[in-house]
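Read the structure below first, then the notes.
The values are calculated or read from the model by the stated rules, or taken from the named source; none is laboratory data. Predicted model only: the values in this text are computed from it and were never measured. Counting neighbours? That spans all protein chains shown, and the Cβs are built from the backbone with ideal geometry, glycine included. These accessible areas exclude ligands, DNA and RNA; they are computed on the full protein's heavy atoms, side chains included. Shrake-Rupley method; radii C 1.70, N 1.55, O 1.52, S 1.80 Å.
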Amino acid sequence: MLTVQLIRENPEFVVKRLAIKNFDAKEAVEKIIALDEKRIAIQKDLNAKQSEINSLSKEIGALFAQKKVEEANAAKEKTGELKEAIKNLDQEMTDVASQLQKELVLLPNLPAEIVPAGKNADDNVVVKSQEGVAPMESNLLCHWDLAEKYNLIDFELGNKLTGAGFPVYVGVGAKLQRALISFFLDRATAAGYKEYQPPIMVNEASGFGTGQLPDKEGQMYYVGMDNLYLIPTAEVPVTNIFRDVIVKESDFPIKCTAYTPCFRREAGSYGKDVRGLNRLHQFDKVEIVRIEHPERSYQALDEMVAHVESLVQALGLTYRIVRLCGGDMSFTSALTYDFEVFSAGQKRWLEVSSVSNFETFQANRLKLRYKDEKTKKTVLAHTLNGSALALPRIEASILENYQTADGIKVPDVLVPYMGGLTIIK
RNA sequence: GGAGAAGUGGCAGAGUGGUCGAUUGCAACGGUCUUGAAAACCGUCGUACCGCAAGGUACCGGGGGUUCGAAUCCCUCCUUCUCCGCCA
């Protein structure tokens, strides 16, 4: 959520920046400014009347103490009208505040200066690409065929138990999941990220804090009986650890990591995008989250990108890093880098990580601030997060890229996590 | 799930209808003292909104109510603790 102060002070700037996300904010900005002015006017009036009633109450107290009951009763009458007026103003205030909130919540985050304009994924900018291991064979199988051939994943069984998009990992396939989770967590903790194991259901306040609610309500599974949501990413519970928190400036950098299952309804997806492991309703992911000083958040973003890069490199995958254009960015992000790995069987790029700086957008919703040691002011912090990494597409890419006539080679870094297994037969 | 108790500032802990945004202690920060440190002493020490400022307003788990006036009384929800039940 953008701050009212920003909108009030730089309305043209806000409109101009949001145009890069293909969002026309002109009307909303005008409305917000008008509502804010109204809010301030009501507040002034309300404050004056409350002040008056407060001093009257004190007088009445004094009069009663002096046993001047007559005068006290006269003063009481005066408070009557004031109370009525305050009641009305209170109502107005509530209305205006909720209208203002409603408008504010609809505005996406401003894209950073270097975000390229563009409509969709075609306009993203590839900032780096690097070759990894390349399969020798010419008749390459896709991972869903490999998974069946080597008994690693049972998609049909998942259909039976739950439905489409909920695969069952079996035997060595299950072990490979566990290996990847451990490998990613070990790398993250070695890089200074503190490990958490958060709840995988969250309440409404948490969903709002990171921006999933109310905008993307349809993307999360909802457990109505208890009014809870299944998390679409560990970003939600982990970032919300810092909801309503004022950290010390010396606490920075705050670095967290967590492995969680993730649940996404993915309404509206179809075709080759959802085949095999490409898009699931439940998947595993290790997430890294950072809370940063505003002056250092972009440096932190670079560090996170470097961390994720070290993971795909260690796994020997062919990858590229793209900077998302305005039209492809999420509602909440100011700058996002996506990692895509090449999947040799499908011959396509698969997104395996998204690393973003949200600047103060989430912090404002979360009321996550730090105390500035020089000015003694409380200031909104910056939040960032990134997948490090999401498992299914990594697994798809490993299966497809490491396939040989004799089986699937286990990437060297995973061998210790696989109990010494070097080839899956 | 049932019964009881409790939720106050970073922590501890006063306050049961009026000048209480809240005594006090600890922690923290600034200073005096000291070669340095500790101790001692002095000062600062919640958040938000309005205001150039002085200052004003709101907030004592959340919401609602009673009252001229609520941290204090009432209702309700949430959370924590104790006991019972159930259970991985």
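Quick one: which of A:352, A:413, A:341 is away from RNA strand B (no atom under 16 Å from the Cβ), within 23 Å of residue A:183 (Cβ to Cβ) and open to solvent by 10 Å² or more (accessible area, probe 1.4 Å)?
The unique qualifying residue is A:413.
Give all pairs with beta carbons closer than 8 Å in which a residue from segment A:48-63 that is in the same structural domain as residue A:83 (by TED's automatic domain parsing) meets a residue that is more than 6 Å from RNA strand B (Cβ to nearest atom) and open to solvent by 40 Å² or more (accessible area, probe 1.4 Å); count only pairs at least 6 apart in sequence or on separate chains.
Here the result reads A:56/A:78; A:63/A:69; A:63/A:71, each pair linking segment A:48-63 to a residue that is more than 6 Å from RNA strand B (Cβ to nearest atom) and open to solvent by 40 Å² or more (accessible area, probe 1.4 Å).
Among the residues of segment A:190-213, which ones are part of a loop (DSSP other than H, G, I, E, B) and farther than 17 Å from residue A:363 by Cα?
A:191, A:192, A:193, A:197, A:198, A:199, A:200, A:203
Which condition number in (1) in contact with a Pro (Cβ under 9 Å, 6 or more places away or on another chain); (2) open to solvent by 40 Å² or more (accessible area, probe 1.4 Å); (3) farther than 21 Å from residue A:260 by Cα is the one that residue A:147 fails?
If we test residue A:147 against (1) in contact with a Pro (Cβ under 9 Å, 6 or more places away or on another chain); (2) open to solvent by 40 Å² or more (accessible area, probe 1.4 Å); (3) farther than 21 Å from residue A:260 by Cα, just (2) comes out false.
Could you look through segment A:19-46, keep only residues that are open to solvent by 80 Å² or more (accessible area, probe 1.4 Å) and within 12 Å of RNA strand B (Cβ to nearest atom), and pick out the one that is farthest from residue A:324 (Cα to Cα)?
A:44
Would you call residue A:365 open to solvent by 10 Å² or more (accessible area, probe 1.4 Å) and near RNA strand B (Cβ under 10 Å from one of its atoms)?
no
Being open to solvent by less than 10 Å² (accessible area, probe 1.4 Å) and over 23 Å from the mean Cα position of the chain (by Cα) is the filter here, so list the residues in segment A:368-400 that pass it.
Matches in segment A:368-400: A:395, A:396, A:397, A:398, A:399, A:400.
Taking the stated definitions as given, is residue A:226 part of a helix (DSSP H, G or I) and either farther than 27 Å from residue A:107 by Cβ or in the same structural domain as residue A:298 (by TED's automatic domain parsing) (or both)?
Spelling it out, it is not the case that residue A:226 is part of a helix (DSSP H, G or I) and either farther than 27 Å from residue A:107 by Cβ or in the same structural domain as residue A:298 (by TED's automatic domain parsing) (or both).
For segment A:98-105, state whether one or more residues are outside the structural domain of residue A:274 (by TED's automatic domain parsing) and open to solvent by 80 Å² or more (accessible area, probe 1.4 Å).
yes
Would you pick out the residues in segment A:3-17 that are within 13 Å of RNA strand B (Cβ to nearest atom) and outside any helix (DSSP H, G or I)?
Of everything in segment A:3-17, just one residue is within 13 Å of RNA strand B (Cβ to nearest atom) and outside any helix (DSSP H, G or I), namely A:3.
Matching residues to (1) open to solvent by 50 Å² or more (accessible area, probe 1.4 Å); (2) more than 21 Å from residue A:389 (Cβ to Cβ); (3) in a strand (DSSP E or B); (4) modelled with pLDDT of 90 or more:
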{"position": "A:236", "(1), (2), (3), (4)": "no, no, no, yes"}
{"position": "A:242", "(1), (2), (3), (4)": "no, yes, no, yes"}
{"position": "A:256", "(1), (2), (3), (4)": "no, no, yes, yes"}
{"position": "A:266", "(1), (2), (3), (4)": "no, no, no, no"}
{"position": "A:277", "(1), (2), (3), (4)": "no, no, no, yes"}
